[in-house]
Structure formats: structure tokens, C-alpha cells
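Data block below; observations after.
The values are calculated or read from the model by the stated rules, or taken from the named source; none is laboratory data. Computed from a predicted model, the values in this text were never measured in an experiment. In this analysis, Cβ positions are derived from the backbone assuming ideal geometry, glycine residues included, and neighbour counts consider all displayed protein chains. Note: areas computed on protein heavy atoms with side chains; ligands, DNA, RNA excluded. Shrake-Rupley method; radii C 1.70, N 1.55, O 1.52, S 1.80 Å.
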Amino acid sequence: MKNTTKTILLAGVGGQGILRASDILSMALMASGFDVKKSEVHGMAQRGGCVTSHVRYGEKVYSPIAKKGSVDILLSFEKLETLRYLNYMKPGARIILNEEELFPPSVNLGEADYPKDVVETTKKYFKNILSINATALAFQAGNIRTANTVMIGVVSRYMDVTLKTWGEILNDAFPKKLIAVNMTAFELGRSA
Amino acid sequence: MKIIMSGNEAIARGAYECGATFASGYPGTPSTEILEEFAKYEGVYAEWSPNEKVGLEVAIGAAMAGARAMAVMKHVGVNVAADPLFTASYTGTNGALVIITADDPSLHSSQNEQDNRNYAKFAKIPMLEPSDSEEARIFIKKAFEISETFDTPVFLRTTTRVSHSKSIVEPEEPVKPEKRVVERLDPSKYVMVPFNARNRRIVVEERTKKLQKYAETFSENRLEWNDRKAGIITAGMTYNYAKDVFPAYSYLKLGMVHPLPEGLIREFARGVRKLYVVEELDPFIEEHIRAMGIKVVGKSVFPYTNEFDPGVVEESIKGRPVRSVGPQNLNIPPRPPNLCPGCPHRGLFYVLGKMKVFVTGDIGCYTLSFMKPLEGLHSCICMGASIGTAHGISKALREKGKGKVVGVLGDSTFIHSGITSLLNTAYNKSDVVIIIADNSTTAMTGMQHHPGTGTTLQGNMTATLDFEILAKGLGIESIRIIDPYDLKNTRSVMKEELSRPGPSLVISRAPCVLLLSKTTLRKKTFRIDEEKCTGCKACLGLGCPPISWHRFPEGSERTVPGKTKKQEGMATIDSAFCTGCTLCQQLCGFKAIVESGEVS
Ligand SMILES: Cc1ncc(C[n+]2csc(CCOP(=O)(O)OP(=O)(O)O)c2C)c(N)n1
């Protein structure tokens with residue numbers, strides 16, 4: 001039996017809406033007939049620390065987390081966080097990164113520099129890189145807090161989920177008055 | 001219908017489906033959501049108890065009265081509840097009692113990495129261990145059935161990955177179990193004086209024998225015959241890790257990790273050429289199999305510490321690292337968790353960090369202030385330990401310790417296990433200053449109510465604990481209230497209290513920023529006046545996330561405002577995250593921190 005499980009790794013910083021985004025991806029995948037498992041970490045780590053969520057799908061998924069060197073897509077919500085997870089990526093993996101920079105404490109204190117060459121470093125190992133400004137697109141959509149929906153829009157291009165299903169899932173995922181702006185954010189991400 | 005649920009949500013669902021009507025416990029990652037979710041179902045009673053010991057005792061009582069009751073806690077919570085646990089094993093349950101222990105391999109949110117499977121053996125109580133959400137939903141029901149059938153408390157153990165991973169669940173309609181009522185409890189079974197307890201000891205051993213037999217045919221102890229070259233015995237989440245990388249091997253998947261099915265294990269061991277045990281933390285199953293005289297590979301190749309993942313299982317069995325093309329040793333600035341912008345703990349610990357005192361700390365969000373730049377807390381052992389350790393230090397140092405020892409703990413932690421130790425400081429007279437960092441919530445675990453908030457888990461208004469009256473009653477003579485956003489006053493009250501003899505209590509009172517609505521928060525935010533900032537870095541001492549330091553580029557001619565000295569850089573404040581707490585403004589000696597205007 002060949003293992004056909006695919007993995008999307010979402011990474012970023014506490015407060016960026018990563019767990020919410022991974023929930024929405026999982027629901028869309030389940031609605032499309034896949035078995036789905038996802039991991040997340042709560043508690044202490046959420047206070048401004050690194051946050052990751054593995055979303056795994058296929059015919060039958062066992063582990064909710066992937067091993068190093070096996071992830072298909074990295075969806076990084078913060079620029080430098082991209083680097084932290086490159087060793088999880090499989091050869092030829094797709095890297096999607098948000099250009100937003102959130103300074104870790106050592107950078108805030110002037111003790112370390114924010115890495116300047118995130119995209120160049122990533123390019124040394126992976127060719128397939130899409131760098132976008134999700135925050136700007138969210139602003140364009142009409143609400144800066146929809147950056148995570150922009151990111152869902154971007155990654156939606158590479159998932160076996162129909163536009164009709166995305167529409168239904170997004171419709172259910174948000175309170176009525178926020179549906180339109182999130183739909184716009186999704187569209188902007190999808191065509192970014 | 002299929003839905004995606006976390007392991008914790010699925011446990012709550014399963015308990016509801018099988019007619020559990022009662023649950024109690026105390027919050028603790030990764031267990032917290034079980035009780036929060038269960039509390040929402042119709043017709044159930046659920047409570048946050050002040051601590052796990054009370055939580056378990058309450059559930060024991062509910063089971064005695066015939067209910068299907070559940071006590072929920074994180075792994076270290078079982079330490080707190082251990083006293084009633086060991087004897088409830090003797091009395092049995094009458095109704096059903098399931099104790100949920102949520103373990104935390106890798107210490108994602110814990111102070112230790114204990115393996116609570118040992119408690120099952122130690123207390124002679126069966127333990128089930130699900131591997132995903134659907135199993136969690138089913139296993140909790142089995143746990144209730146086993147409890148009723150064998151008149152025993154039953155453990156359900158999860159780990160962080162089971163509790164917090166999400167997978168597909170197919171919920172069922174709830175059923176009502178037949179009601180068990182009690183007319184009168186048999187004293188020889190429930191009054192554990194030596195005479196009765198000796199007899200119950202024998203019942204417990206007989207019960208274990210019956211459970212061993214039951215384990216042999218228990219539906220969730222499952223043989224999966226496949227390639228017989230290698231066989232893996234495993235339970236819980238590690239089953240998934242192993243299946244992910246070695247789908248072709250044979251498996252004995254254990255749904256019950258205590259007592260173990262020796263017959264099944266022997267049959268499986270005979271059927272495979274090489275036998276592995278894949279288990280995180282202690283060699284719990286492995287030691288048992290070895291004691292049976294069976295050759296097995298376990299901790300000789302697998303790590304003792306941290307949670308596994310499919311890669312760890314593959315590396316351990318294959319004996320070489322998994323392939324990864326990504327960079328291995330990039331120098332990436334770490335991103336540890338931090339106090340939120342506007343957190344009331346920041347001002348208090350800024351002051352403590354600058355004083356020449358030893359601060360015994362405790363567990364909660366405020367523990368994070370041990371880090372740079374605050375460095376305002378110097379020890380942390382377990383919930384409630386701050387007061388006892390402060391008292392011990394002060395007594396051991398005698399005269400030398402006068403005015404030098406402070407103990408700090410949060411409001412929820414104080415209620416959990418600080419009250420008796422505060423009483424001890426009064427009773428045995430120590431020269432410590434105890435601070436309750438009272439933010440009106442249990443913030444670390446996600447804002448749960450407690451007896452000091454005046455609201456229950458199910459949202460009912462109730463009595464509110466008054467810390468001042470309580471402390472007076474315990475015999476504390478000096479009690480002060482401070483506002484931690486006022487740095488000057490905080491400092492002077494601390495100095496005064498440290499210079500008095502005898503224990504005193506300081507209540508540092510301001511609600512958690514996450515409790516404040518957007519309208520009360522952020523009436524104003526701050527920015528740096530670039531003309532005035534000298535780059536002195538005083539504001540950076542707060543470690544506030546929106547404040548950062550920027551070095552001027554090479555060749556910059558800028559001099560410190562009003563001076564001829566060259567200026568190296570300056571601070572900035574990201575107004576988007578500033579809450580307007582004013583701490584940085586109080587620290588700035590150059591009036592360089594100014595309001596950035598009304599925020600809509
Ligand atoms: C015995 C035990 N139970 C539960 C926990 C989980 N836990 C860690 S800190 C904490 C409470 C924190 O609340 P509080 O003292 O009010 O401080 P805050 O986080 O609000 O600052 C809890 C429940 C634990 N570590 N140990």
C-alpha cells in the first residue's frame with residue numbers, strides 16, 4: 001500500500017489566526033471526501049510564540065503530524081518563520097510565504113537582526129516559492145484581519161477542492177456580516 | 001453525519017452520548033476543553049472545582065450517588081488528586097467514575113513530563129488510551145461501562161497530540177443509562193478504616209484478576225496480522241506514527257494499557273520474527289513484556305524523552321536519520337512565548353526584577369517574566385509552591401533573609417493551593433511578602449472562571465471569594481492592594497512591606513487584558529517622538545512586544561537630542577499592537593513617548 005497522504009504545514013506566530021485557517025482547510029478537505037487529520041498546540045505556546053498546524057489528508061490518514069522531509073506545502077504566515085520549518089519540506093515542495101515581519105524578542109531588544117535574506121535562503125533549497133503580502137491584500141479586501149483568509153485563498157489553488165465547496169465552507173465559517181469581506185480576501189489570495 | 005473534532009471535544013461528546021451527567025475538574029493544558037465542551041451539553045452538571053483533589057472527591061461522591069461521573073485534569077493534576085484516588089480504588093464506585101489524565105510528552109505546556117500510566121498500575125485501576133478523536137469518543141463510553149461492571153474507577157489517558165489533534169468523528173444520539181440509585185451505602189465498603197480497608201485490599205486484587213481476563217477479549221485490544229517479519233506493540237498516538245511509516249508490519253494495538261493482556265501479547269510475540277514496543281516516555285509496556293520473559297526491542301532504540309512523530313519511529317527502527325533536503329542549522333532568532341501587550345503582570349515583575357530580593361514564583365502566565373528582560377521571578381516548582389518555598393527560604397536564612405524574600409502567585413493558583421501555605425506563613429511567622437497577581441481569571445489555560453470571579457463554569461452567578469477577608473482570617477496582619485500599572489506606587493508599597501516584620505500580603509489587582517473589551521482597552525495608544533528619543537533603551541526593559549529597537553544605519557550623523565554625543569539608534573512603538581497601558585511612558589526620562597491620538 002503506497003502512502004498517498006499529503007501534508008500542508010501552516011506556520012506563524014500566536015494571534016495570526018493559524019488554527020482558524022487550518023480548521024477551515026480541514027473542513028473543506030473533509031467536504032471533498034478526504035480523510036483528514038490536523039494537529040495544533042494550545043496553551044503556553046500561544047502567547048506570542050511560534051504556532052504550527054499540520055493538515056494531512058488522503059484516503060486514510062494515520063498520523064496528524066508529518067515527519068521531517070515529507071511536507072508538500074508550507075503556508076507561512078510570517079516571513080522568518082518560513083526558515084524554521086524548511087527541514088520539514090520534501091524535495092520539490094511548494095513554499096508560500098507572507099511577507100509580514102513580526103519581530104521576536106531578541107530582535108526587539110536589538111540583540112539580533114531580523115534575517116534579511118529569507119527568500120534567498122529558501123531559494124537555495126526550494127525553487128517553488130510564492131511570496132505575497134497577505135496583509136496588504138487583506139487591507140485591500142476591506143479588513144486587515146482577513147490576512148489568514150487571503151492565505152487560504154492562495155493555498156486553495158493547490159488543493160483538490162472545488163470552488164463551489166470553498167464557497168460553502170467559507171459561508172459557514174464566518175458570521176453573516178463578515179462573509180463578504182472574507183470571500184473577497186479569498187479571491188484576492190487565489191489570484192495573487 | 002461526520003464532523004471534525006479534537007480529541008477533547010470527542011471525549012466530551014462520548015461522555016454525553018453515554019449518559020454521563022456529571023463532570024468536575026480543574027483547568028490544565030491539554031485537558032481544559034474537555035470540561036468546557038461537556039458543560040455545554042443539555043442536562044449535564046459540570047463544575048470547575050478549586051483544584052484537582054476537590055474535583056476528584058466531588059466526582060467520587062457523584063458516582064457514590066449512582067451517577068456516571070467524570071473527573072478531568074492534566075497529568076500533574078493527578079498528583080494533587082492522588083490521595084483520594086488511591087483509596088477510591090478500594091471503595092469502588094457504585095455508579096461510574098472515569099478519571100481523565102491528559103499527559104504532555106514534550107512538555108508543551110507543563111512543568112514536567114511524568115508518564116501517568118504508572119498511576120494506573122500504582123493505584124490498581126484500569127486505563128484506556130485512545131489514539132484519535134473517534135476512538136476518544138468510543139473509549140470514554142467503554143470506560144464508563146468498565147467502571148460500572150467492575151466497580152472500579154477507570155482512567156482514560158490522552159496525550160497532547162490526542163487531545164489537540166482534530167480528526168473525523170461520527171457522533172451518535174445520546175442514550176439514557178438505567179438509573180442507579182442508592183438507598184444506603186454499605187459502611188464496610190465505604191468507611192476505609194484499617195479493618196474494612198484490609199478486606200477491600202483483597203477485593204482489589206481479585207478485581208485486577210478479573211480485569212486481566214477481560215483485557216484478553218476487550219474489543220479495543222486488536223491484532224492486525226500483516227507482514228510477520230516485524231511486529232509492533234503500541235497504544236495511543238504512537239500507533240498512528242508507526243502505521244504512517246511502517247504500514248506493512250503486524251500490529252498489536254492496545255486500547256487498554258493496564259492491565260495488559262498477557263495471552264494476546266504471547267500470541268503476537270510468537271507470530272512475528274522481531275518484536276518492537278513503540279511507546280513514548282517510560283518503558284511501561286516494555287518492562288511488563290520483559291518480565292514475561294519475552295525478547296523485545298524498546299528503549300534500547302527509542303528515546304525516553306519528548307513526544308515521538310513518524311520520523312522518530314522510523315529513525316529508531318531503521319537506525320539512521322530521516323532524509324531532509326532543507327537546511328539543518330540555520331541561526332534563526334527564537335520566538336519564545338511572551339506576556340501580551342498591556343499585560344498587568346508586566347509592571348509588577350518589572351518592579352520586582354529591579355529589587356534586590358529573591359522571588360519564589362509559581363505557575364501561570366506570570367511565570368514567563370523569569371525571562372529577559374524582566375527577570376523578575378527566580379523559581380517555579382508546582383502550583384502553590386511559591387508561598388511554601390518563600391517561607392522555607394526566609395526561615396533558613398533567619399536574620400539575613402529579612403526583607404529579601406518575596407513569593408508571587410496568580411489568583412487561580414492561590415485558590416488552587418496557596419491558601420493553606422499562606423496560613424502557614426501566619427501560623428509559623430515568617431518574614432516574607434506574598435503577592436497575589438490577581439487578574440480575575442485563570443489566564444494561562446484560556447480564561448476560566450474560579451471562586452474569585454463570581455461566576456461558575458456553566459455561567460451562573462455565585463459567591464465571590466474575598467481575598468482580603470480570607471487573609472485576615474488566616475492571621476495576616478498587613479494587607480495592601482496595588483495597581484500594577486502604577487510603577488512608582490508598586491515600588492514604594494513593596495519597599496514598605498519588605499521593611500516590616502512578619503508576613504504581609506500584597507494584592508496586585510488589575511484584570512487580564514484579554515478580559516477587557518476593545519472599547520475599554522486602547523482608548524489611546526502611544527508612539528515615539530523621534531525628536532526626543534535618545535535611544536537610552538529604558539523602555540525596552542519591559543519586554544513589551546510592540547516596542548522595538550532600531551539601530552541607525554552605518555554613517556548616520558544623528559546625535560543625541562540636545563547633546564553632541566552620537567546616537568546609535570532609537571525605539572519605535574507599533575501602535576497597532578499598543579494597548580495604551582502607559583508603563584513605557586512612566587519609564588521614559590525624556591518625555592519621548594507620546595499619545596498617538598484617539599483610536600477608533
Ligand atoms: C496541578 C496543576 N494543575 C493545573 C495546571 C495548569 N495551570 C498552569 S497555570 C494555571 C493557572 C494560572 O492561573 P493564575 O494563577 O490565575 O495565573 P494567570 O495565568 O491568570 O496569570 C493552571 C491551571 C498545573 N500546571 N498544575
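General observations
- Region A:92-108, residues that are more than 12 Å from chain B (Cβ to nearest Cβ) and either open to solvent by less than 30 Å² (accessible area, probe 1.4 Å) or among the acidic types (Asp, Glu) (or both): A:Ile96, A:Leu97, A:Asn98, A:Glu99
- Residues within region B:7-31 that are in a strand (DSSP E or B) and open to solvent by less than 10 Å² (accessible area, probe 1.4 Å), tallied: 3
- Test: A:Glu111 is under 16 Å from the mean Cα position of the chain (by Cα) and within 12 Å of another protein chain (Cβ to nearest Cβ): no
- Every test in (1) surrounded by 14 or more Cβ atoms within 10 Å (Cβ to Cβ); (2) under 17 Å from B:Lys404 (Cα atoms); (3) free of Cβ contacts under 8 Å to residues at least 12 places away in the same chain is passed by B:Ser430 save one, and that test is (3).
- Residue in region B:124-132 that is in contact (Cβ under 8 Å) with a residue 40 or more places away in the chain, of a type in the set (A, V, I, L, M, F, W, C) and assigned to a loop (DSSP other than H, G, I, E, B) present: yes
- Residue-level analysis places B:Phe590 outside the set of residues that are in the same structural domain as B:Glu530 (by TED's automatic domain parsing), within 29 Å of B:Phe349 (Cα to Cα), open to solvent by 40 Å² or more (accessible area, probe 1.4 Å) and modelled with pLDDT under 95.
- The condition of being assigned to a loop (DSSP other than H, G, I, E, B) and of a type outside the set (A, V, I, L, M) holds for only one of B:Glu42, B:Glu57, that being B:Glu42.
- Verdict on B:Asn112 being without any contact (Cβ under 8 Å) to a residue 60 or more places away in the chain and open to solvent by 10 Å² or more (accessible area, probe 1.4 Å): yes
- Scan region B:144-173 for residues that are farther than 21 Å from B:Glu280 by Cβ, in contact with a helix residue (DSSP H, G or I) (Cβ under 9 Å, 6 or more places away or on another chain) and open to solvent by less than 50 Å² (accessible area, probe 1.4 Å) and the total you get is 11.
- Under the condition of being in a helix (DSSP H, G or I) and not polar (S, T, N, Q), the residues counted in region B:69-86 number 10.
- B:Gly66 touching a residue at least 60 places away in the same chain (Cβ under 8 Å), assigned to a loop (DSSP other than H, G, I, E, B) and either within 15 Å of the ligand (Cβ to nearest atom) or of a type in the set (Lys, Arg) (or both): no
- Filtered residues of region B:238-259 (kept if open to solvent by less than 10 Å² (accessible area, probe 1.4 Å) and either under 28 Å from B:Pro153 (Cβ atoms) or among the acidic types (Asp, Glu) (or both)): B:Thr238, B:Asn240, B:Leu252, B:Lys253, B:Leu254, B:Gly255, B:Met256, B:Val257, B:Pro259
- Filter result (more than 8 Å from the ligand (Cβ to nearest atom) and more than 14 Å from every other protein chain (Cβ to nearest Cβ)) within region B:440-460: B:Ser440, B:His449, B:Pro451, B:Gly452, B:Thr453, B:Gly454, B:Thr455, B:Thr456, B:Leu457, B:Gln458, B:Gly459, B:Asn460
- For region B:354-377, filtered to residues that are open to solvent by 30 Å² or more (accessible area, probe 1.4 Å) and in a helix (DSSP H, G or I), the residue that is nearest to the ligand (Cβ to nearest atom) is B:Phe370.
- Which numbered condition A:Lys123 misses (of (1) open to solvent by less than 30 Å² (accessible area, probe 1.4 Å); (2) over 20 Å from A:Cys50 (Cβ atoms)): (1)
- From the list B:Glu135, B:Glu37, B:Glu57, B:Glu52, the lone residue that is open to solvent by 10 Å² or more (accessible area, probe 1.4 Å) and within 16 Å of the ligand (Cβ to nearest atom) is B:Glu57.
- Taking the listed residues B:Glu287, B:Glu267, B:Glu307, B:Glu280, the one that is over 30 Å from B:Leu377 (Cα atoms) and in contact with a helix residue (DSSP H, G or I) (Cβ under 8 Å, 6 or more places away or on another chain) is B:Glu280, with no other qualifying.
- B:Ser430 fulfils the conditions (1) within 12 Å of the ligand (Cβ to nearest atom); (2) assigned to a loop (DSSP other than H, G, I, E, B); (3) away from chain A (no Cβ under 14 Å); (4) of a type in the set (S, T, N, Q) except for a single criterion, (1).
- B:Pro484 being at pLDDT below 95 and within 31 Å of the chain's Cα centre (by Cα): no
- Annotation: B:Lys566 fulfils all but one of (1) open to solvent by 80 Å² or more (accessible area, probe 1.4 Å); (2) away from every other protein chain (no Cβ under 14 Å); (3) within 21 Å of A:Ile144 (Cα to Cα); the unmet one is (3).
- Pairs where the first residue, in region A:161-175, is of a type in the set (S, T, N, Q) and the second is in a helix (DSSP H, G or I), C-beta under 9 Å, 6+ apart: A:Thr165/A:Ala28; A:Thr165/A:Ala31; A:Asn171/A:Ile179; A:Asn171/A:Met183
- Near pairs, Cβ below 9 angstrom, 6+ apart or cross-chain, from region B:543-563 (more than 8 Å from chain A (Cβ to nearest Cβ)) to any residue that is surrounded by fewer than 12 Cβ atoms within 10 Å (Cβ to Cβ) and not charged (D, E, K, R): B:Pro546/B:Ala576
- Being in contact with a strand residue (DSSP E or B) (Cβ under 6 Å, 6 or more places away or on another chain), away from the ligand (no atom under 14 Å from the Cβ) and away from every other protein chain (no Cβ under 14 Å) holds for only one residue in B:Ala390, B:Ala463, B:Ala437, and it is B:Ala390.
- Residue that is nearest to the other protein chains (Cβ to nearest Cβ), among those in region A:61-83 that are farther than 17 Å from A:Ser39 by Cα and open to solvent by 10 Å² or more (accessible area, probe 1.4 Å): A:Gly69
- When the residues of region B:193-226 are filtered to those that are loosely packed, with under 15 Cβ neighbours inside 10 Å and within 32 Å of the chain's Cα centre (by Cα), the one that is nearest to B:Val44 (Cα to Cα) is B:Ser219.
- Condition broken by B:Lys537, with the remaining ones in (1) within 12 Å of chain A (Cβ to nearest Cβ); (2) without any contact (Cβ under 8 Å) to a residue 24 or more places away in the chain satisfied: (2)
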